[in-house]
């Protein structure tokens with residue numbers, strides 16, 4: 001329960017609830033309550049109009065102005081960064097990087113290198129000596145051949161992927177007679 | 001669009017900006033607390049306007065020069081009053097020998113002039129004397145609660161004792177004052 005002094009400081013007697021009035025009546029009469037309230041209110045008003053001189057504000061503002069303002073870099077560096085949230089984020093990121101399943105890379109065959117040997121015979125004819133000096137010159141050319149096929153990484157799962165769609169209908173490519181294909185006859189006659 | 005409204009910023013945010021030497025933040029804080037702190041010193045230091053000004057200036061200079069002394073985990077209002085209270089205590093300690101000498105030379109009158117009718121200036125004068133005659137701990141609690149209008153938990157934090165003790169001190173302070181002023185009101 002609130003003390004009577006608190007009630008007297010905050011509320012007029014008529015503003016009290018019935019319960020509060022009963023509480024007050026148990027402690028003191030209404031006249032005493034009114035006197036107490038007048039006393040506390042007078043106490044609150046005491047020296048209420050006392051104000052600091054304007055010169056005090058001016059002095060303090062001058063003192064504040066003399067303080068060296070730190071550089072922008074120092075102000076940024078001075079910000080307190082909470083350590084635990086930063087460590088938590090780093091741990092979560094590391095765990096995610098470690099445990100995240102890497103996407104299957106297609107297995108490509110090793111690049112094929114073909115070595116071609118070019119042999120050139122250079123003849124040097126010296127007519128005075130009636131002789132031909134032949135020198136053999138060989139050059140190795142390494143040819144890189146791009147892989148033409150890739151192993152499908154989902155091959156183990158039994159999925160076959162074709163590079164091209166199968167023909168929409170089965171054409172007889174061999175042994176077809178023009179007589180059996182009137183469309184072809186038309187094409188040729190046109 | 002990005003202009004900061006300092007009037008609406010809480011005390012703690014203003015203190016953070018003061019630590020970054022933001023003059024407008026200090027101006028806003030002074031406008032909020034300057035008069036209250038000055039009045040508090042005036043009430044606690046024997047209505048001495050000169051002392052109140054010196055002490056208020058010292059307190060706000062502390063805020064300017066050492067803003068890091070404030071712990072933002074606590075309420076700024078209780079912090080500033082706690083600092084002010086400690087400054088008053090130091091002044092009491094410094095003053096006590098001189099006051100004791102005065103007391104022996106001029107014993108404090110226990111009876112007041114009884115007027116014919118209730119007069120507000122007389123009531124205020126008697127009230128002021130009655131408040132001054134309270135013990136230090138009772139006066140602290142009375143001024144903080146009924147003049148500075150702080151809550152009991154805030155006073156408990158400032159004074160550094162349980163809320164129950166503050167309530168008890170308030171009760172006794174009001175009783176003592178009422179007893180001394182009752183002749184005016186009767």
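What follows is calculated from the coordinates using simple rules that are stated; it is not laboratory data. The shown structure was predicted, so the numbers you read here are calculated from the model rather than taken from an experiment. When we count neighbours, we look across all protein chains shown, and the Cβ atoms used for this are built from the backbone with ideal geometry, even at glycine.
Observations on the structure shown:
- Inverse of mean 1/r across different Cα pairs in region B:1-65, Kirkwood, Å: 12.6
- Averaged over peptide B:37-44, the number of partner chain Cβ atoms lying within 10 Å of each residue's Cβ comes to 3.
- Simple spin-label estimate for residue B:68 and residue B:132 in nanometres, 7 Å along Cα-Cβ: 4.2
- Counts of other chain beta carbons within 10 angstrom of each beta carbon in peptide A:36-45 average 6.
- Shown is the FRET efficiency for residue B:172 and residue B:61, computed with R0 = 35 Å from the Cβ-Cβ distance and rounded to the nearest 0.05: 0.45.
- Gain on full extension, evaluated as 0.36 nm per residue between residue A:110 and residue A:41 minus their Cα-Cα distance, stands at 15.2 nm.
- For the segment A:51-62, counting C-beta atoms of other chains within 10 Å of every residue's C-beta and taking the mean gives 5.
- Distance between the 7 Å Cα→Cβ label points at residue A:185 and residue B:48: 13.3 nm.
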